1. 5 Å is the cut-off here: which amide hydrogens, built 1.01 Å from N in the peptide plane, fall below it relative to A:Cys172, excluding neighbours closer than 5 in sequence?
2. With n ≥ 4 as the cut-off for DSSP H runs, can you work out [θ] at 222 nm for chain D, using -39500 (n - 2.57) per run divided by the number of residues, rounded to the nearest 500?
3. Post the alpha-carbon centroid distance, region C:329-395 to region C:239-269, in whole angstrom.
4. Can you pull the three principal axis extents for the Cα set of region C:1-41, in Å, largest first?
5. Based on alpha-carbon centroids, what's the gap between region A:87-111 and region A:181-237 in Å, whole number please?
6. Treat the count of other C-beta atoms within 10 Å as a stand-in for reagent exposure and order C:Ser310, A:Ser136 from fewest to most.
7. Note down the magnitude of the dipole of region C:221-314 about its Cα centre, charges +1 on Lys and Arg C-beta and -1 on Asp and Glu C-beta and zero elsewhere, to the nearest 20 debye.
8. Ignore the peptide's own chain and count Cβ atoms of other chains within 10 Å of each Cβ in D:22-32; give me the average, rounded.
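Bear in mind these aren't lab numbers, they're just calculated from the coordinates by the rules spelled out. Bear in mind that the values here come from a model prediction, so they are computed numbers and not experimental data. Cβ placement follows ideal geometry from the backbone for every residue including glycine, while neighbour counts extend to all protein chains displayed.
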Amino acid sequence: MPDIAKRKTDIGPPHYEQFLPPIIKANYGKWKYHEIPRPGVLVHVGETGDRLYTVRAGSPRLLSVQTIRQICDLADKYCDGYLRFTSRHNIEFLLTDPAKIDLLIADLATAGFPVGGTGNALSNIVHTQGWIHCHSAATDASGIVKALMDELIGHFTSMDLPGKLRVALACCVNMCGAVHCSDIAILGIHRRPPKINHDRLPKMCELPTVVASCPTAAIRPVRKDGHETVEVAEELCMFCGNCYTVCPAMPLNDPLNDGVSIWVGGKVSNARSEPGFSKLAIPFLPNNPPRWPEVVDAVKKLVDVWAANARPYERMGEWIERIGWPRFFRLTGIEFTKQHIDDFRHAETTFRRSVHVKR
Amino acid sequence: MPDIAKRKTDIGPPHYEQFLPPIIKANYGKWKYHEIPRPGVLVHVGETGDRLYTVRAGSPRLLSVQTIRQICDLADKYCDGYLRFTSRHNIEFLLTDPAKIDLLIADLATAGFPVGGTGNALSNIVHTQGWIHCHSAATDASGIVKALMDELIGHFTSMDLPGKLRVALACCVNMCGAVHCSDIAILGIHRRPPKINHDRLPKMCELPTVVASCPTAAIRPVRKDGHETVEVAEELCMFCGNCYTVCPAMPLNDPLNDGVSIWVGGKVSNARSEPGFSKLAIPFLPNNPPRWPEVVDAVKKLVDVWAANARPYERMGEWIERIGWPRFFRLTGIEFTKQHIDDFRHAETTFRRSVHVKR
Amino acid sequence: MSDERRPTPKLDDLEKGPWPSFVREMKRAAEGSAMADQLLGVLELSYGDRVGHWKHGGVVGVRGYGAGVIGRYSDVPEQFPEVAQFHTMRVNHPAGWFYKTDALRKVCDIWEKHGSGLTNLHGATGDIILLGMKTESLEPVFAELTENGFDLGGSGSVVRTPSCCVGPARCEWACFDTLALTYDLTQHYQDEIHRPSLPYKFKIKASGCPNDCVAAIARADLSIIGTWRDAIDVDQEAVGTYAADGLDVRATVCDRCPSKCMAWDGTSLDIDNSACVRCMHCINVMPKALRPGLERGACILIGGKAPIVSGAMLSSVLVPFMKLEPPYTELKELIGKILELWGDEGKNRERVGEFIQRVGLGSFLEAIGLEPMPEMVKHPRENPYVFYEEYFEEEK
Amino acid sequence: MSDERRPTPKLDDLEKGPWPSFVREMKRAAEGSAMADQLLGVLELSYGDRVGHWKHGGVVGVRGYGAGVIGRYSDVPEQFPEVAQFHTMRVNHPAGWFYKTDALRKVCDIWEKHGSGLTNLHGATGDIILLGMKTESLEPVFAELTENGFDLGGSGSVVRTPSCCVGPARCEWACFDTLALTYDLTQHYQDEIHRPSLPYKFKIKASGCPNDCVAAIARADLSIIGTWRDAIDVDQEAVGTYAADGLDVRATVCDRCPSKCMAWDGTSLDIDNSACVRCMHCINVMPKALRPGLERGACILIGGKAPIVSGAMLSSVLVPFMKLEPPYTELKELIGKILELWGDEGKNRERVGEFIQRVGLGSFLEAIGLEPMPEMVKHPRENPYVFYEEYFEEEK
Ligand code: SRM
Ligand code: SRM
Ligand code: SRM
Ligand code: SRM
Ligand code: SF4
Ligand code: SF4
Ligand code: SF4
Ligand code: SF4
Ligand code: SF4
Ligand code: SF4
Ligand code: SF4
Ligand code: SF4
């Protein structure tokens, strides 16, 4: 197969070094400290005294080639063509001349890119594909993020929050992204057991794999209309979608029952408290495109209550831990329901096994 | 059945009120505060100014009627016949005349009863039946307790410890008593799967119950020599003894493999930290009657290291939590092994899921 | 009573030393009881071969009761015929373990006459344990006990003998009357204590405050632990006295407060009671200066148990705060609903804590008619696997 | 490219407002791409009927690779034929997500020519996502990408595209060279990234310090998180400056230290480094005054993952401290042993964290030849169910 032989394979990604600006090469591993002179701008000072200025711009993550070229134009104009993206999908322009910062920020504003996300602020909302590309999605991703950031942008462009605020969205419980460890997580959920297509199932799916895929053993093999298929004991289904992942003939998507849940108090960093998962705040809100007002209101309320009550550097979860969950529910006005009480594998480890109760 | 009709049944215990001394009746629910004038002696002061003196004496718990009468004699002599026992099986003499305290303590000394167990001290070792009465026992109870208290009695008769020290012993994993929540727990364990008596089993035990009893599904029904019996997949057995509890034909007792494990850092009170389970310190020490020197040495070492390092009111577990488990193992010289790592149901919740590591 | 006692060199060693010796107790009892004497022999044998010599108990008991007796047989009956049968009887103790000597002496007399003369004061559940008797003695002992005002406690799949801390009888911190409640419940559940009708054992323990001096949270299926709802009562002057007497109030009290809600500026102790978790620590250290608040009651917790078989559990909060006054209607109704539900739906040998784990706390609450409250959990669920019992159907 | 664009009133609403609009991006792309145009239609449809319109992906890919492409088909192909096939390609990003504009422009050119013109910069794993292409375009795009120095990332049951924080390139706290390590591992595992040979996905992420700016502990099976072993480097004068500038060092730094191992007396900051858990908080608050120690390396953790299917996990400590210098032999040997063991014994769709849970961490350690250490657990076991593989037999 001469064709294949000619192909380049397994070359891996470009070496990062070729993309580092000279100031970084010179100070690589020898940075001394940093400051945040203003929201969205970092200055890193090297041991030599060199100063690298970073301007961070918010991005919708979904970028057209046209816009990428526009960003490249700005990087060429201000940064000798060097730029990077962050782990939360923001765009970072790397400058050596502080005089250019204002000009760059003005050009970014014209192009529609806000500058911010640094320090004790809200950064970009990490999110997933949603209805734009994924077959599993119980909600859209980009739409909610846009609607929410339009409302919360003031916390992105300023540093007026007690601590970092990490919001993330995943469109199904597969939770692509660190959604499960976010200050506020927005999670698409299904609430109806898979609808089985008994015609296609036997052709498309391996029965034993399908049966084994269910963590609650809700799926049982049955014979129906002369061929082998499966049925779901609906009262055992908790809508995880694992069956659908292994078998396309068992979709969970359902306009009437799909929607959004809100989770709070997770974090990733080891700063102060240990990393931890987000916990359920609101079990269900409806899918209401294009602006999901219920979701936006709920998140805004959470941010407001936290911002008004937390101490400096106190992340959402640290604040709740300090005041106690009963007070969190009172302050936010969220109802505590049966759904909030864990009933999965390690449920008993979440029960309050002491009389240490904060009121 | 005239006989049964005549019998008194369901009368319940005697009403406690008839056993309360007058000073208690007068101050019931109206105590103001207490002090510990000396080890083993409490004084409770009522709102009226009344003073009740309690002298607490250590007991082996296993008492002959002869000794109980001897104790009654002392209570008659000093306490108008009123006495009580504590939740840790100590004897409490209730006095109103402080002048009698010394005399009582002298009489107790003559009778062989040490006075102490109050405040930040070691109290009596809560324990179980052992080889004296139980069929499940992997070790004796009274013997180890006697050997240990002979060595540790100085911490009973004084208040020289940082906090309360609660030691408990259970002779098998049924853990009769609050063994699982003790500062130091001494626990008899089996280490050999049940030896099945295939002749008696089919006659004595219900097969489905036996099979169902095993939490690790190690027990399977089989046919052997013409009758239905069970077999044990030995690599799955973790020696819990549940099968033996439901089926006498599956004993676990075994002189070569039974012995003692040591657990630390549990507590029951809500004071400061929440109640919590004891954690494995030493997986196995041999049964070495009559004085179990390996067990006594191990416990003494634990007490010594804690006493030397803890802060005031810091219970064993609180101290370990502060210094971290790595340092606990270093300070005590105990080896950390595979056995220390949980592998039961909630094992994963015990893994260190952060980089917060104390060295 | 045997004239020539067989040698017990190993046990004899345990007569030495300062702590009171159980061997001495056995030998004392042996003076009047052949059973106790042979028990010495059995134990010496165990100390030699390092294994117990008791067989699984058979079903023995007193007529009309299904509980209160633990059957026990020797596996070396030929060698020790006197203890071939060696059952224990569990006698329900008076609440708080208070006695007058005449009552105790009565028990001794009965027991000397019919049994080994050995007892445990008390068993881990709280009973007076009469240790070692023959089957034939069960009825006579029971008759004489009841004649003298004592009755049996629980064993097997029953409500077990409730027990409690000394409480208001001798403790300034009792937030409810532990003795009165325990006596009341014990009488109320006589039938359930004596006649097995439950999936497994059900233990009730009551402690007057969060110090939990009967270890209720660790050892009872239903744990009743006193607490209060208002502010800690502070006598500032008395705090000053502690400080003057050398107590480092900041280090020993404030810094050890779990919610860090106290501040001591050298003259006044400030407590943020809204953050206080009512752990008792500050009160424990300064009993003359601090006291629990005045609005007192108890926290009701459920599900504590030892490890068999799916792991140990501490009880967890069921009712964060309940006033406890006679006739304790609210509590009894709650217990009634729990026993009914678990009694009907619990599996054999499934403790109520394991039952809750199996059906889910949320569903359990629904079934007994309690509202879910955030106080019941450390935190809301972390996993997204939420059950919904109903869903919307498209219109056809 | 369609002359008359179908109306998208719902989406149009999302062009308004201050945050940059993804709808604007779609419309921009639609100017040059019929696929992007029809994607607008599909999404408007979803916004109307509140359900997605994508089917389960089939197996599509580039020759010789089993990974890097996510197949995607529309369930309304008649209505939107241009996106009937709409696969994404995952292109491995350069470590740290640094670019020069010429390289980025190249990717744009290729993508404009063959695909929808829409991308994600970046995907949640870190790849450059080329969003939406037909099957026929896979090979040409791949060929042009490799021609320009880019290669595919992972998908399916492979080692996934490793990613890392900006590290020493622009951060004063990096305890090892995150970029060098990530590049090295990515090259080392090219075969494992492109050709599925594992039970399930295996993700590697590297953060230079405990702040964990790539969320490695939450999102990677193997999480490499920088830390140090010696004392925090304190510039007392600089601490003083922070205090003088108004920072409440006691309240904001000392009181928030998780191990309460700091004291500030107004002139000097005292750190008990033996109690410090290296959380970074104090360093974060006073970057000009404090720095990580000099003996630097990383903590290696294992098992992080999202909830599917037995619940989410954070990675847990496997090696408390490892020096990380090229050629990273110790780390590669460790990863090699893990992949071999889990590769052989892991079940289909069982992440390595779930595998460890199934076989037990102790047994896992034994199998890969690591000594058990107390650093690996929060605390030793609480339940008494200890396995012993061997026992003594009586002599016959
Ligand atoms: C650029 C970026 C790394 C990258 O390789 O892309 C980065 C860069 C820095 N991080 Fe970060 N962090 C970045 C994602 C993260 C993440 C991951 C995430 O958000 O998904 C975390 C963990 C978040 C969490 O815990 O949930 C993270 C937790 C931190 C923390 C700890 C904050 C805390 O109190 O918990 C610090 C310390 C601080 O800011 O005080 C920190 C500090 C920093 C510093 C100050 C480090 C330095 O000295 O240069 C950098 C500027 C931070 C700022 O924005 O103020 N960085 N940082 C990422 C920017 C994302 C963005 O666009 O907003
Ligand atoms: C008599 C007794 C209650 C009874 O009804 O029998 C009792 C009585 C008192 N307890 Fe207790 N406790 C008694 C068992 C317990 C138990 C249960 C146990 O040990 O099994 C606990 C829980 C232990 C644990 O956490 O593992 C217990 C945890 C406390 C505490 C909390 C100590 C801590 O720092 O964790 C206090 C407060 C203190 O002493 O500072 C306390 C305080 C007290 C006070 C001071 C209460 C008072 O104001 O009268 C009493 C004298 C204590 C002393 O000995 O110094 N009592 N106390 C029990 C005596 C047992 C014995 O013979 O030693
Ligand atoms: C006598 C006593 C120990 C003692 O020396 O004090 C005792 C002795 C026995 N216990 Fe117990 N338990 C005793 C208090 C406890 C306690 C403590 C308590 O009640 O506060 C516990 C832990 C709390 C709990 O209930 O979980 C306890 C947890 C067990 C268990 C494990 C139950 C579980 O769910 O984990 C068993 C096993 C069983 O039920 O099959 C058990 C079973 C037994 C049996 C009946 C043995 C058996 O497997 O059938 C023992 C009979 C010994 C004998 O020969 O006399 N015993 N048992 C205690 C009862 C005396 C009394 O009535 O006052
Ligand atoms: C594209 C991306 C989301 C995004 O918008 O950025 C993505 C998209 C999908 N993920 Fe993911 N995952 C993506 C990062 C993640 C992450 C985050 C990460 O890698 O840091 C996670 C959580 C971490 C983890 O791996 O546990 C993640 C956890 C999952 C899971 C749950 C796995 C689990 O063990 O719990 C699934 C389900 C599965 O594997 O069957 C999944 C499956 C999927 C599939 C392939 C859908 C499926 O069931 O087959 C999605 C394809 C969407 C599409 O149509 O393109 N994806 N997925 C991310 C990959 C882009 C990239 O390569 O850079
Ligand atoms: S979170 Fe679910 S729906 Fe969203 S991209 Fe991932 S797998 Fe698809
Ligand atoms: S969605 Fe999950 S729980 Fe429901 S049937 Fe499918 S695999 Fe089982
Ligand atoms: S702990 Fe075990 S051996 Fe000891 S008395 Fe209880 S059941 Fe019997
Ligand atoms: S001892 Fe426990 S684990 Fe072993 S066979 Fe018996 S029931 Fe099963
Ligand atoms: S539990 Fe509380 S009320 Fe009861 S004796 Fe102990 S300290 Fe007193
Ligand atoms: S009772 Fe406990 S939590 Fe409340 S103020 Fe006192 S020490 Fe703090
Ligand atoms: S993880 Fe640490 S080293 Fe890496 S960018 Fe964040 S703060 Fe810097
Ligand atoms: S790094 Fe964290 S634990 Fe260590 S001294 Fe600073 S704040 Fe405390």
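1. A:Ala138, A:Gly188
2. Numbers: 13 runs with 123 residues, N = 396.
That comes out to -9000 deg cm²/dmol.
3. So the separation of the two Cα centres works out to 42 Å.
4. Projected onto its principal axes, the Cα set of region C:1-41 covers 28, 17, 13 Å.
5. Here the answer is 49 Å between Cα centres.
6. Details: C:Ser310 21, A:Ser136 24.
Going from sparsest to densest Cβ surroundings: C:Ser310, A:Ser136.
7. Working: 9 positive and 12 negative charges, 88 e Å.
That gives region C:221-314 a dipole magnitude of about 420 debye.
8. Details: counts 14, 6, 7, 11, 5, 2, 6, 6, 1, 2, 3.
Taking the mean over all residues of the peptide, I get 6.
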